[in-house]
Amino acid sequence: MESESNKILNAFTQSEYKYGFITDIETDMAPEGLNEDIIRFISEKKQEPAFLLEFRLKSYRYWLTMKEPKWANIHYPKIDFQDIIYYAAPGKKKIPGSLDEVDPELLDTFNKLGISLNEQKKLTGVAVDAVMDSVSVKTTFSETLLKLGIIFCSFSEAVKNHPDLIKQYMGTVVPYTDNYFATLNSAVFTDGSFCYIPKGVRCPVELSTYFRINAANTGQFERTLIIAEEGAYVSYMEGCTAPQRDTNQLHAAIVEIIALKDAEVKYATVQNWYPGNKKGEGGIYNFVTKRGICKGNNSRISWTQVETGSAITWKYPSCILLGDNSVGEFYSVAVANNFQQADTGTKMQHLGKNTRSTIISKGISGGNGNNSYRGLVRIAKNAVNSRNYSQCDSLLLGNKCGAHTFPYIQVENKSSIVEHEATTSKISEDQLFYCQQRGIDMESAIGLIVNGYAKEVLNKLPMEFAMEAQKLLSVSLEGSVG
Amino acid sequence: MLLSIKNLHASINGKEILKGIDLEVNYGEVHAIMGPNGTGKSTLAAVIAGRDLFEVTEGEVKYKDKDLLKVPVEERAREGIFLGFQYPVEIPGVSITNFLRTALNELRKYRGLDPMSAVEFLKLMEEKKKLVEIQSNLTNRSVNEGFSGGEKKKNEIFQMAMLDPVLAILDETDSGLDIDALRIVAKGVNHLRRKDNAFLIITHYQRLLEYIIPDYVHVLFEGKIVKSGGKELAIELEEKGYDWLKNT
């Protein structure tokens, strides 16, 4: 059967990363390296209030005392943090008020990525914030939203226009001392999105941020903050791409979500950072801290992620279920193909009574990829009558790839119920032959089978994203069977 | 001539299963291949469809006057070869609708046609569903997942009706079917039977041939076709049993 497998492996031609182009654009950069002067430089560039500079410096000083974590099931050469540029902004310095003021090269970049910054996008009901390197390029639609009292803007604008909200909420879910990469982000974060939904308002459109790393040797450190007041609802999507380069680039982001009483926040990610080439050279190191708190009773937070990119993914979107009857959900599809490594999962911290959480994780490993699910379900003593259901599936597309599951379960009371299910499967020769016999070629067959496997998670994505995610899954798995 | 097989030898893991098959199938004909278990009936079907588990060591297979053995599996399918599986495999999460639409559009693309619109496709599905009397919600379910034996076989016939092949090979589609399901399968085949296509029906029992009247019956025994004849051969076999062959 070995020759059969080899044949299948050879039958594929590796597909190239589609989003790997570089935009030739004037970039305003900080000098390489990290020290207090660089942090002051960033803060000054962004004309930040004093409290934010203090926050950054406090974080930086704390970071110096920390060690890079080693517990994840990932392997990479030591990152030289002095070898990174911490601030890069596309040319123009002032924030554009209308599309006419945006550099045409930039608009072209986002058009190539299939993201229209034109207000026509209204028709599809998506408001977009586009972030290139360290700076938000343009937020569409924000005026319309403002009429409802919804604030959707870049983090920098929020700092300028709504400093009280930033001061009140920033760092309350992910404290600056949280972990090595979150602390680094707290010191050097550059931009990101900010979203505030006032009491009782249901956000009528999908909010979306599109992140793009362009400049070489830069890190991207964005920070997103979402606040849903009592009874508010918002669905938020995030997409990411980067050019193809043969050196690794660091991405260390923070997302914080606060859901007050009866509020609901849905957060979806399609992460397609450059994964490196098929030999495992280059690619983004993706170290991200995402956490939401269900602060009020009956609040809900759901994370949906489709992780197809990055050389390394280290990411655990989590929920703190503080309010009684609050609900946390985590739906994930993670791909590790070629030499990609993914260590991803979630933490569900049940603190309130009758809290519920659901975890559906679908790992897909191909080539020499290594995929780990790591998840914590903790039910505290006072979280009586709580429930968790976890399902962790792994799909193997070859015999050189790996799938691992590391579930941690802590239950501190007797009235709660925790369920955990796990499966591992392979695409069988029989399935492939069946599809081929119906006229479907091998690549499409794998795409079809994988999408079927991931369907439970893909169904949780907003329509606009689901199609893109399906295509992405098929493309990112070309050449994976062997 | 649609299909012409000459002196076909095929083996798996070095063990020879087909030991010199000769068979000719013309457009408009229905051929039945009968024989005891383990004589190579399913292997013959798999080799025609292009399963590379089996190694062809000798002989030739021509389809539409072209050498079939070098053609990839999916291209054989696009050229009109359909295999109704004896054990249809499950594909979790992929609905029959999605599966068939993908398959049909691949066939259309190969023939230089545009993809079928959703409306047209649904109409076609409704029409074919009636033919094989399958419940209308079956097509929303994942391919073969949790299907009963009868549902799986009816689904194969449904797919055949949707894809409208030139050469349909049914590999023991009748095994494990009750009389109602058998009648439906036969109805499907008879409905599709035309002058411009052909069927190769592999069966262990004569029962199916009461509903689908074959033009020719061949008996496969220990890797060779040992006897060929008209439809009456099936009846003779049923009466005398396969032991009778050992003595011929």
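The values are calculated or read from the model by the stated rules, or taken from the named source; none is laboratory data. All of these numbers come straight from a predicted model, not from anything done at the bench. With ideal geometry, Cβ positions are generated from the backbone for all residues, glycine too; neighbour counts draw on all protein chains shown. SASA here: full protein model, heavy atoms, side chains in, ligands and nucleic acids out. Shrake-Rupley method; radii C 1.70, N 1.55, O 1.52, S 1.80 Å.
Going through region B:56-76 one residue at a time, which ones are part of a loop (DSSP other than H, G, I, E, B) and either closer than 16 Å to B:E106 by Cβ or facing chain A (nearest Cβ under 7 Å) (or both)?
B:V71, B:P72
When the residues of region A:54-91 are filtered to those that are hydroxyl-bearing (S, T, Y) and closer than 17 Å to A:T289 by Cβ, which remaining residue is least open to solvent (accessible area, probe 1.4 Å)?
A:S59
Residue check, B:S175 against (1) in a loop (DSSP other than H, G, I, E, B); (2) more than 14 Å from chain A (Cβ to nearest Cβ); (3) surrounded by 19 or more Cβ atoms within 10 Å (Cβ to Cβ), all met but one. Which one?
Among (1) in a loop (DSSP other than H, G, I, E, B); (2) more than 14 Å from chain A (Cβ to nearest Cβ); (3) surrounded by 19 or more Cβ atoms within 10 Å (Cβ to Cβ), B:S175 violates only (3).
For B:Q206, are the conditions met, namely being under 14 Å from the mean Cα position of the chain (by Cα) and of a type in the set (S, T, N, Q)?
So B:Q206 fails the test.
Would you say A:A403 is touching a Leu at 6+ places or on another chain (Cβ under 8 Å), within 30 Å of A:A336 (Cα to Cα) and either open to solvent by 40 Å² or more (accessible area, probe 1.4 Å) or not aromatic (F, W, Y) (or both)?
Yes.
Hey, could you check region A:202-235 for residues that are modelled with pLDDT of 95 or more and in a loop (DSSP other than H, G, I, E, B) and say which is surrounded by the most Cβ atoms within 10 Å (Cβ to Cβ)?
Step by step, filter region A:202-235, then rank; the result is A:A232.
Within region B:77-99, count every residue that is in a helix (DSSP H, G or I) and more than 8 Å from chain A (Cβ to nearest Cβ).
Result for region B:77-99: 2.
With the condition kept exactly as written, say whether any residue in region A:446-457 is within 14 Å of chain B (Cβ to nearest Cβ), crowded, with 17+ Cβ neighbours inside 10 Å and out of contact with any strand residue (DSSP E or B) (no Cβ under 8 Å at 6 or more places or on another chain).
So far as region A:446-457 goes, yes, one or more of its residues are within 14 Å of chain B (Cβ to nearest Cβ), crowded, with 17+ Cβ neighbours inside 10 Å and out of contact with any strand residue (DSSP E or B) (no Cβ under 8 Å at 6 or more places or on another chain).
Scan region A:310-329 for residues that are assigned to a strand (DSSP E or B) and either without any contact (Cβ under 8 Å) to a residue 40 or more places away in the chain or not hydrophobic (A, V, I, L, M, F, W, C) (or both) and jot them down.
Residues satisfying the conditions are A:T313, A:K315, A:S318, A:C319, A:V327, A:G328, A:E329.
Can you tell me which residue is surrounded by the most Cβ atoms within 10 Å (Cβ to Cβ) among those in region B:211-237 that are within 19 Å of B:R194 (Cα to Cα) and in contact with a helix residue (DSSP H, G or I) (Cβ under 9 Å, 6 or more places away or on another chain)?
Out of the qualifying residues, it is B:V217.
Spot the failing condition for A:G296; the list is (1) modelled with pLDDT of 95 or more; (2) in contact with a helix residue (DSSP H, G or I) (Cβ under 7 Å, 6 or more places away or on another chain), and only one is missed.
(2)
Open to solvent by less than 30 Å² (accessible area, probe 1.4 Å) and among the aromatic types (F, W, Y): does that describe B:Y63?
So B:Y63 fits the description; yes.
Do the conditions hold for B:L44, that is, is it within 30 Å of B:N7 (Cβ to Cβ) and surrounded by fewer than 17 Cβ atoms within 10 Å (Cβ to Cβ)? Lay out the reasoning, then the answer.
Values: within 30 Å of B:N7 (Cβ to Cβ): yes; surrounded by fewer than 17 Cβ atoms within 10 Å (Cβ to Cβ): no.
No.
Evaluate the following for A:V131: is it modelled with pLDDT under 95, hydrophobic (A, V, I, L, M, F, W, C) and within 21 Å of A:M29 (Cα to Cα)?
Yes, satisfied.
Given the structure, is B:K70 surrounded by fewer than 16 Cβ atoms within 10 Å (Cβ to Cβ) and within 30 Å of A:A445 (Cα to Cα)?
yes
Restricting attention to region A:414-436, report how many residues are within 21 Å of A:R387 (Cα to Cα) and of a type in the set (K, R).
Number of matching residues: 1.
Can you report the number of residues in region B:160-172 which are part of a strand (DSSP E or B) and within 12 Å of another protein chain (Cβ to nearest Cβ)?
Qualifying residue count for the region: 3.
With the requirement that a residue be within 14 Å of chain A (Cβ to nearest Cβ) and either out of contact with any helix residue (DSSP H, G or I) (no Cβ under 8 Å at 6 or more places or on another chain) or open to solvent by 50 Å² or more (accessible area, probe 1.4 Å) (or both), what does region B:105-115 give you? Give the derivation first.
The first filter runs over region B:105-115 and keeps only residues within 14 Å of chain A (Cβ to nearest Cβ), leaving B:105-111, B:113, B:115.
B:N105, B:R108, B:K109, B:Y110, B:R111, B:L113, B:P115 - these are the residues of region B:105-115 that are within 14 Å of chain A (Cβ to nearest Cβ) and either out of contact with any helix residue (DSSP H, G or I) (no Cβ under 8 Å at 6 or more places or on another chain) or open to solvent by 50 Å² or more (accessible area, probe 1.4 Å) (or both).
Scan the strands (runs of 3 or more DSSP E) fully inside region A:375-438 and keep the ones with 1 or more residues being within 14 Å of chain B (Cβ to nearest Cβ).
A:387-396, A:417-426
Which ones in region B:116-164 are in contact (Cβ under 8 Å) with a residue 60 or more places away in the chain and open to solvent by 30 Å² or more (accessible area, probe 1.4 Å)?
Listed by number, the list holds a single entry, B:K152.
Out of A:N370, A:N354, A:N382, I need the residue that is at pLDDT below 95 and either out of contact with any strand residue (DSSP E or B) (no Cβ under 7 Å at 6 or more places or on another chain) or open to solvent by 10 Å² or more (accessible area, probe 1.4 Å) (or both). Which one?
From the options A:N370, A:N354, A:N382, the qualifying one is A:N370.
Which condition number does B:P92 fail, the rest of (1) open to solvent by 20 Å² or more (accessible area, probe 1.4 Å); (2) under 30 Å from B:Y242 (Cα atoms) being met?
Failed condition: (2).
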